[in-house]
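Every number in this text was worked out from the coordinates using simple rules, so none of it is lab data. Values in this document were obtained by computation on a predicted structure and should not be read as measured data. Methodologically, a virtual Cβ is constructed for each residue, glycine included, from the backbone with ideal geometry; neighbour enumeration extends over all protein chains shown.
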Amino acid sequence: MLASGSDGQRPVRILGIAGSLRRDSHNRAMLRAASRLAPEGVTVTVYDGLETVPVFNEDLEANPPPGVVSLRHALARSDGLLLSTPEYNQSVPGVVKNMIDWLSREEALSGLAVAVIGASTGPWGTRIAQTSLRQMLLSVQAVVMSDPTLFVPDVEALLDGHGELADEQTSRRLRQVVSSFGDWIRLVTPSDSSSAGAPRSGAGLSV
């Protein structure tokens, strides 16, 4: 069991995954900001290996590719998943759907606490993509946090010259999401279901 933090609450580990492979991804910037803004007792680790996950192929399931194994290990050692998605053609990027296809095969998402946010350069802030993504996650029995939500439109105007989130209002809203997600994880995840450095109980792993 994890030791309690200074406020008596169980520390939680969140894995942040951006739905874009672009080096200067705006959604990866949102996750970096989430890591900085996380309250005491909540750790957000940004995952950078999504580009190593190949297109889902049932013929590869018996001996999963290294990229899939690494993703499953990272998820198994986390208490919750924070997804930050762009919106492509009024839907989620293919890499996000592909990730869910791989993870769903061993029920790695079943019962997992998940939060969804998103940023776009347009005026809608990924509302359609997030709706679609939430439906996918519910279909694989993930425990999706419904509120608060975060739709970030016109994101380029909110970043500084180094590509980091600089807008105070968006930062406050993001801080609220991360803090609420930590509370959500504690609510839906049994306190004895994880231990420091060990996989979540029941998490599927391929080795």
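Multiply the residue gap between Arg36 and Ala74 by 0.36 nm, knock off their C-alpha separation, and tell me the result in nm, one decimal place. Let's see the in-between values first.
Numbers: separation 38, 0.36 × 38 = 13.68 nm, distance 1.97 nm.
Difference between extended and current length: 11.7 nm.
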Review point. When only Cα pairs under 8 Å and 6 or more residues apart are kept, what is the percent relative contact order across the chain?
Key: 26
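How much mean residue ellipticity at 222 nm does the chain get from its helices, if each DSSP H run of length 4 or more adds -39500 (n - 2.57) and you divide by all residues, to the nearest 500 deg cm²/dmol?
Details: 5 runs with 68 residues, N = 207.
About -10500 deg cm²/dmol.
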Revision key, fill the gap. Each label sits 7 Å from Cα toward the beta-carbon; between His162 and Thr131 the label points are separated, in nm, by 3.8
Study note, to complete from the structure: Across 5 Å bins beginning at 0, the whole-percent shares of Cα-Cα pair distances in the chain come to 1, 8, 16, 21, 21, 16, 10, 5, 1, 0
Point to revise | Stretch in the chain that is longest and holds no GluC sites (Glu not before Pro) that DSSP places in a loop and that have at most 16 other beta carbons within 10 Å | key: 108-163
Practice item. Provide Rg and Dmax in Å for segment 88-130, with only Cα atoms included in the calculation. Key: 12.3, 37
Revision key, fill the gap. Once amide hydrogens are built 1.01 Å from N within the peptide plane, the residues lying 5 or more places from Leu82 or on another chain with amide H under 5 Å from its amide H are Leu15, Gly16, Ile17, Ala115
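Can you tell me the dipole magnitude for the chain around its Cα centre, using point charges on the Cβ only (Lys, Arg +1; Asp, Glu -1), in Debye to the nearest 20? Walk me through the intermediate numbers first.
Numbers: 18 positive and 22 negative charges, 48 e Å.
Its charge dipole is roughly 240 debye.
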Point to revise | Highest-fluctuation residue, Pro54, Pro66, Pro190 considered, GNM on the chain with Cα pairs under 10 Å | key: Pro190
